Amino acid sequence: MISSRIRQFREEMDLSQIELAKLVGVSRQTIYYLERGSYNPSLTISFKISEILKKPIHEIFYQEPIIKDILEGKPLSEIREIAEVAGLNLEQLASLSKIDEEELTSSFNDILLVKIAMGLGMEFEDLFEKEAEN
């Protein structure tokens with residue numbers, strides 16, 4: 001359960017709800033409801049909590065069945081974006097999903113090559129034509 005992790009990590013750092021609330025920039029009641037699972041924080045608040053508790057966001061907000069369901073059937077490019085937002089590396093993402101890490105790595109490399117080509121003002125295919133000419 002998400003709420004128990006926030007409370008656990010907060011207590012490990014010897015922070016009260018009031019102290020955590022001040023650091024995050026929310027009310028104590030927000031932390032109270034968050035820890036009880038009756039409040040879903042925004043991404044901004046989630047990232048602030050992650051930073052303050054010095055824990056990766058996926059450790060705080062991870063729920064395996066939900067993540068597997070969300071990722072299943074998504075295009076790899078969309079999964080890459082989800083991983084970036086969540087602060088996950090390929091190994092972590094593969095462990096949370098049913099996707100093979102090698103398949104993820106291949107997709108991430110393809111996306112990186114597309115970005116490089118765009119940055120150079122080239123088409124993706126042109127990268128390989130230049131390579132074949134050399």
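The values are calculated or read from the model by the stated rules, or taken from the named source; none is laboratory data. Quick caveat, the model's predicted, so the values are computed rather than measured. All Cβ positions, glycine included, derive from the backbone under ideal geometry; neighbour counts span all protein chains shown.
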Legend entry - Positions within segment 4-38 being in a loop (DSSP other than H, G, I, E, B) and either within 22 Å of the chain's Cα centre (by Cα) or of a type in the set (A, V, I, L, M, F, W, C) (or both), in sequence order: M13, L15, G25, V26, G37, S38
Legend entry - Conditions (1) under 23 Å from E12 (Cβ atoms); (2) in contact with a helix residue (DSSP H, G or I) (Cβ under 8 Å, 6 or more places away or on another chain); (3) at pLDDT 70 or above; number of the one not met by S38: (2)
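Does I49 fit the bill of being surrounded by 16 or more Cβ atoms within 10 Å (Cβ to Cβ), modelled with pLDDT of 75 or more, under 30 Å from L20 (Cα atoms) and within 13 Å of the chain's Cα centre (by Cα)?
So I49 fails the test.
Being in contact with a Pro (Cβ under 8 Å, 6 or more places away or on another chain), surrounded by fewer than 17 Cβ atoms within 10 Å (Cβ to Cβ) and modelled with pLDDT under 80 narrows it down to one of G87, G73, so name that one. Spell out the reasoning first.
Numbers: G73 fails: in contact with a Pro (Cβ under 8 Å, 6 or more places away or on another chain).
Of the residues listed, the single one that is in contact with a Pro (Cβ under 8 Å, 6 or more places away or on another chain), surrounded by fewer than 17 Cβ atoms within 10 Å (Cβ to Cβ) and modelled with pLDDT under 80 is G87.
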